[in-house]
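The values are calculated or read from the model by the stated rules, or taken from the named source; none is laboratory data. Keep in mind that this is a model prediction, so the values were computed, not measured. When we count neighbours, we look across all protein chains shown, and the Cβ atoms used for this are built from the backbone with ideal geometry, even at glycine.
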């Protein structure tokens with residue numbers, strides 16, 4: 001057992017042993033208790049959102065133990081195609097279950113089966129076609145509690161309105177330095193590794209609020225039984241990316257340009273993207289009209305540097321752009337903390353939506369054009385309206401054609417001009433690909 | 001340690017029975033034979049399999065665990081023809097199972113069993129017991145398949161009934177006691193099950209076999225049957241659907 005990663009070996013079992021995020025833990029417990037009554041609560045799901053390494057998965061498993069629930073966990077290392085999710089996640093959502101150690105869990109006796117989907121914001125990437133539709137079906141039909149875990153809440157909710165509706169959102173924050181220090185010292189004591197105060201501070205700095213990263217770092221240098229700051233020289237600062245939303249909030253709350261610049265450096269966002277975020281959020285974060293005007297002055301300077309730098313491939317200008325953006329945010333907020341949530345730039349949403357629509361439509365047109373031996377343009381101009389009409393008037397025809405053209409869920413939705421997770425789309429899709437029909 | 005050989009049909013039968021529920025499984029080997037207990041990935045069903053050494057043409061075993069990728073084994077067994085003998089040998093140093101079919105030697109790496117659970121048999125009392133032909137069971141399932149995703153199993157002192165109710169259609173298949181090989185019941189019991197699971201389990205029973213079926217009220221169903229010419233025994237457990 002000793003070769004286990006320490007982050008696993010010392011993973012807390014009980015909810016109260018998890019460090020930090022007290023409010024999130026209390027909210028999770030409250031949600032879990034809403035399942036103690038008979039029936040299914042209005043929000044059968046909960047979304048735990050927050051940066052990596054702060055204990056989201058640990059809390060999910062801990063709450064299952066606290067409530068004496070059975071649980072399954074699926075994470076990004078499992079194959080998570082729509083088909084696999086359907087096979088592994090959906091059945092237990094509407095039946096009683098058996099735990100892995102062979103106990104019978106009956107809902108009538110309040111013994112529930114928790115479904116944990118880790119990294120749910122990554123479910124619908126290229127190879128996971130249809131995955132999101134299954135998650136939304138799960139939340140609509142489940143009689144068992146569901147926990148979705150995400151780093152980026154928006155990545156998940158932009159794909160499906162219904163997921164958000166049936167879930168309570170609980171946010172987890174990066175951990176406090178003191179808390180991580182305590183954990184590192186405790187593990188050091190148990191493993192018999194002496195660790196100097198400076199070394200702890202360096203490791204915490206490198207990890208940036210991510211306890212798992214700090215513990216992994218510690219284990220990787222702990223082979224010789226003690227750790228001093230000298231041992232850490234060779235380790236580069238973890239390439240920890242600050243979530244853009246969190247970063248932008250920090251920029252508006254900052255009063256120190258230097259700190260703002262180091263925040264910007266941690267963001268994995270080029271200035272052209274960052275400026276859109278600041279632009280979107282500046283009005284709601286400004287103290288007054290005057291500060292807002294001054295803030296936008298700086299931002300327009302930044303915009304010029306970005307354009308110049310890009311046009312002449314002289315990217316050193318971008319660092320001036322960063323300066324102006326950092327300054328602009330500080331000036332606009334004028335020390336005022338709005339407490340409002342950082343919004344995603346509207347202009348990007350529109351672009352993204354358009355791009356997604358265009359690429360799905362292209363796929364659809366290509367499939368039909370191959371089938372009908374005609375050009376995609378011709379399909380679009382001549383055939384599509386008729387086809388949509390035919391699909392509308394007969395679901396039987398629609399499902400047969402969906403199977404024949406091997407359409408994805410998204411393409412079918414585009415053809416019907418309906419949302420991806422609407423009942424009609426999933427019904428046709430399901431009947432097209434259900435094995436019983438073939 | 002394991003050195004054994006068996007007819008391909010028997011191994012195929014075992015693989016079918018297990019692959020109905022799990023992709024990977026831990027087989028426990030000892031001097032008397034091979035056994036397995038597993039919960040399916042969705043935690044909805046369980047399997048318990050025991051295989052006496054009589055199921056093999058020859059058998060030598062010492063206590064060990066084999067983690068087997070069932071789908072892979074299924075593919076390998078496709079190399080064998082009906083009457084072929086298949087030789088199995090565990091190479092402990094390389095953690096491989098060596099499978100010899102005719103002139104083919106296939107070395108299959110085993111899966112780490114550390115993460116695989118060792119379920120006990122849950123403590124469940126099912127008041128109603130019956131025996132019937134596998135064909136009868138499959139016939140009832142077939143009747144339900146076009147109607148709904150669920151199947152209700154209902155029994156009392158006089159009959160056993162499989163029924164399904166869809167949005168607009170419904171179906172009943174009723175077997176009076178005389179049509180069953182055995183029926184012991186006290187009062188009426190009824191439980192509802194996911195049809196795809198129940199159907200896959202029933203399909204894994206080879207035709208001509210007898211099935212013992214245990215039923216309760218909103219409680220799991222147990223299917224028991226023999227394989228490998230009576231040298232193997234399979235128990236399936238399936239949890240009921242929650243009716244709102």
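Observations on the model:
- Matching residues in segment B:36-50 - criterion: being closer than 26 Å to residue A:87 by Cβ and out of contact with any helix residue (DSSP H, G or I) (no Cβ under 9 Å at 6 or more places or on another chain): B:37, B:39, B:46, B:48
Every residue, every condition in (1) in contact with a strand residue (DSSP E or B) (Cβ under 8 Å, 6 or more places away or on another chain); (2) surrounded by fewer than 19 Cβ atoms within 10 Å (Cβ to Cβ); (3) farther than 20 Å from residue A:59 by Cα; (4) away from every other protein chain (no Cβ under 14 Å), yes or no:
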{"residue": "A:99", "(1), (2), (3), (4)": "yes, no, no, no"}
{"residue": "A:142", "(1), (2), (3), (4)": "yes, no, yes, no"}
{"residue": "A:158", "(1), (2), (3), (4)": "no, yes, yes, yes"}
{"residue": "A:170", "(1), (2), (3), (4)": "yes, no, no, yes"}
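- Among (1) facing chain B (nearest Cβ under 10 Å); (2) at negative phi; (3) in a loop (DSSP other than H, G, I, E, B), the one test that residue A:92 misses: (3)
- Criterion violated by residue B:71 - all others in (1) surrounded by fewer than 18 Cβ atoms within 10 Å (Cβ to Cβ); (2) away from chain A (no Cβ under 14 Å) satisfied: (2)
- Every residue from segment B:184-238 that is surrounded by fewer than 18 Cβ atoms within 10 Å (Cβ to Cβ), in a strand (DSSP E or B) and within 13 Å of chain A (Cβ to nearest Cβ): B:235
- Residue within segment A:4-15 that is more than 24 Å from residue B:47 (Cα to Cα), buried (at least 16 other Cβ atoms within 10 Å of the Cβ) and either touching a strand residue (DSSP E or B) at 6+ places or on another chain (Cβ under 6 Å) or within 14 Å of chain B (Cβ to nearest Cβ) (or both) present: no
- Restricting attention to segment A:176-213, the residues that are free of Cβ contacts under 8 Å to residues at least 40 places away in the same chain and either assigned by TED's automatic domain parsing to the domain that holds residue A:149 or assigned to a helix (DSSP H, G or I) (or both) total 17.
- The set of residues in segment A:276-324 that are under 18 Å from residue A:258 (Cα atoms) and buried (at least 17 other Cβ atoms within 10 Å of the Cβ) comprises A:278, A:295, A:298, A:299, A:302, A:317, A:318, A:320, A:321, A:322, A:323, A:324.
- Test: residue in segment A:369-379 that is outside the structural domain of residue A:166 (by TED's automatic domain parsing), part of a helix (DSSP H, G or I) and within 30 Å of residue B:149 (Cβ to Cβ): no
- Residue in segment B:47-67 that is in contact (Cβ under 8 Å) with a residue 12 or more places away in the chain, surrounded by 18 or more Cβ atoms within 10 Å (Cβ to Cβ) and assigned to a loop (DSSP other than H, G, I, E, B) present: yes
- Residues that are part of a loop (DSSP other than H, G, I, E, B) and surrounded by 11 or more Cβ atoms within 10 Å (Cβ to Cβ), drawn from segment B:96-109: B:102
- Residue within segment A:70-87 that is at pLDDT below 90, part of a helix (DSSP H, G or I), away from chain B (no Cβ under 12 Å) and over 26 Å from residue B:123 (Cβ atoms) present: yes
- Single residue of B:93, B:112 found to be surrounded by fewer than 20 Cβ atoms within 10 Å (Cβ to Cβ) and touching a strand residue (DSSP E or B) at 6+ places or on another chain (Cβ under 9 Å): B:112
- Within segment A:164-175, considering residues that are in contact with a helix residue (DSSP H, G or I) (Cβ under 8 Å, 6 or more places away or on another chain) and not in a loop (DSSP other than H, G, I, E, B), the one nearest to residue A:28 (Cα to Cα): A:170
- Residues located in segment A:36-69, provided they are at pLDDT 90 or above, within 14 Å of chain B (Cβ to nearest Cβ) and under 19 Å from residue A:163 (Cβ atoms): A:44
- Within segment B:35-46, considering residues that are at the interface with chain A (Cβ under 10 Å from one of its Cβ atoms) and assigned to a strand (DSSP E or B), the one nearest to the chain's Cα centre (by Cα): B:46
- If you check A:19, A:47, A:63 for being touching a residue at least 12 places away in the same chain (Cβ under 8 Å), touching a helix residue (DSSP H, G or I) at 6+ places or on another chain (Cβ under 9 Å) and assigned to a strand (DSSP E or B), only one passes: A:47.
- Enumeration of residues in segment B:146-167 that are within 14 Å of another protein chain (Cβ to nearest Cβ) and either part of a loop (DSSP other than H, G, I, E, B) or over 20 Å from residue B:239 (Cβ atoms) (or both): B:146, B:147, B:148, B:149, B:166, B:167
- The residues of segment B:1-20 that are assigned to a loop (DSSP other than H, G, I, E, B) and either more than 27 Å from residue A:107 (Cα to Cα) or within 11 Å of chain A (Cβ to nearest Cβ) (or both) amount to a single one, B:1.
- Residue B:172 being more than 14 Å from chain A (Cβ to nearest Cβ) and free of Cβ contacts under 8 Å to residues at least 12 places away in the same chain: yes
- Positions within segment A:128-163 being closer than 22 Å to residue A:33 by Cβ and assigned to a helix (DSSP H, G or I), in sequence order: A:138, A:139
- Scan segment B:1-17 for residues that are within 18 Å of the chain's Cα centre (by Cα) and closer than 20 Å to residue B:63 by Cβ and the total you get is 1.
- You will find that of A:82, A:39, the residue that is closer than 24 Å to residue B:40 by Cα and surrounded by fewer than 23 Cβ atoms within 10 Å (Cβ to Cβ) is A:82 and no other.
- Qualifying residue in segment B:41-52 (condition: in contact with a strand residue (DSSP E or B) (Cβ under 7 Å, 6 or more places away or on another chain) and more than 30 Å from residue A:105 (Cβ to Cβ)): yes
- Tally of residues being surrounded by 14 or more Cβ atoms within 10 Å (Cβ to Cβ) and within 24 Å of residue A:402 (Cα to Cα) across segment A:340-355: 0
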